[in-house]
Amino acid sequence: MEAPFISVVSPVYLGEKQVRPLVEEIVAGCKPLTSNIEIVLVDDGSPDGSWEAIEAVCAEEPRVVGVKLSRNFGQHNALSAGLDVSRGDYVVVMDCDLQDDPKYIPKLYAKAQEGFDVVYTLKNDRAHTSFRNITGRTFHRILSWLAGPGFHSDSRIGNYTLITRPVAEAFRNVGDYHRSYLIILHYLGFRTSFVEIEHRERIGSKSTYTFRKLVNEAINITTSQTDRLLHASIVLGFTLVGLSIATILLLVVLYYSIGFREGWTSLVVLQLFSTGLILSCLGVVGIYIGKIFDQVKGRPAWVVMQTRNFERDRRAMPLSAARPVRSGGTGSNVAELPR
């Protein structure tokens, strides 16, 4: 059989020291399967020397494609930029920190040969702190509830996946400005399967996802991918109205039966609670309106500033000729500055 053409896409942020080991392990991991590979490294506006490290590797290894974004657009947008550049029949997506071992790529490919278009990796023991694992499981349970029937979010599943070319093309045609890689894959609805892997300890660096960033990411994913928070606020509002009516009836009955002194201290507490609830619901609505505002502006979700090794004649098309991603009147999701 002809060796498959595999693209490996990895967003890079604060990964100056990981770039070279990442490329070496990807090449070694793919070697039993094929040498016909390309490794797309996307510098997501990293403030360290990540781009210089990518350039150095590109000069030594022609199978490495370097993409530098004009600023930090976020992991999922950088990942999308890499998918837009990739040309492989199969595309592997992975983080640059090497906690996900590239040696599993042949196993992912073998599972895809069984007729699956999306192959996820399942990590039974994630090599994170206990606090992060607990909060991660809690968030994914809440997200599963918010997303509604048919969607199951699992903290054991990460971005380390293999997708076929039709999935990659379908992904490119999703015009979300705020995007989540795994949720979009679920939305696309292709045949999926799982491969169990071991999650490695992080070596030589700390996660760039601080607790604050994780909270912001959770809010972004929740509000950009599901509207059930709005429904929840409506249900909560009607519930409180019902409780208020029941309380009023109870007070009337108690007033005529045992009597009540005027001037409840609890009225102040009730007012503060009601005011806080109203402001919270308005905040939820405001976040959704902000997401709509971002979407309708039609700005590109990322801007490519420089590329390396992209001009190779290997099933390649010029980046400026890449099909723009449009949805609902939004603008192109990819823009390019002169090299």
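Residue-level check: of (1) open to solvent by 20 Å² or more (accessible area, probe 1.4 Å); (2) modelled with pLDDT under 95, Asp117 misses just (2).
Of the listed requirements (1) of a type in the set (Phe, Trp, Tyr); (2) under 29 Å from Pro4 (Cα atoms); (3) modelled with pLDDT under 90, Phe190 misses just one: (3). Determine whether region 207-227 contains at least one residue that is surrounded by fewer than 15 Cβ atoms within 10 Å (Cβ to Cβ) and modelled with pLDDT of 90 or more. No: zero hits.
Looking at region 313-325, is at least one residue of a type in the set (Ser, Thr, Tyr) and at pLDDT 65 or above? The answer is no; no qualifying residue exists. Of the residues making up region 160-174, those that are assigned to a helix (DSSP H, G or I) and under 20 Å from Pro102 (Cα atoms) number 2.
The values are calculated or read from the model by the stated rules, or taken from the named source; none is laboratory data. For clarity, every value in this text was computed on a predicted model and none was experimentally measured. Every residue, glycine as well, gets a Cβ built from its backbone with ideal geometry; the counts of neighbours run over all protein chains shown. Areas reflect the complete protein model, heavy atoms only, side chains present, ligands, DNA and RNA absent. Shrake-Rupley method; radii C 1.70, N 1.55, O 1.52, S 1.80 Å.
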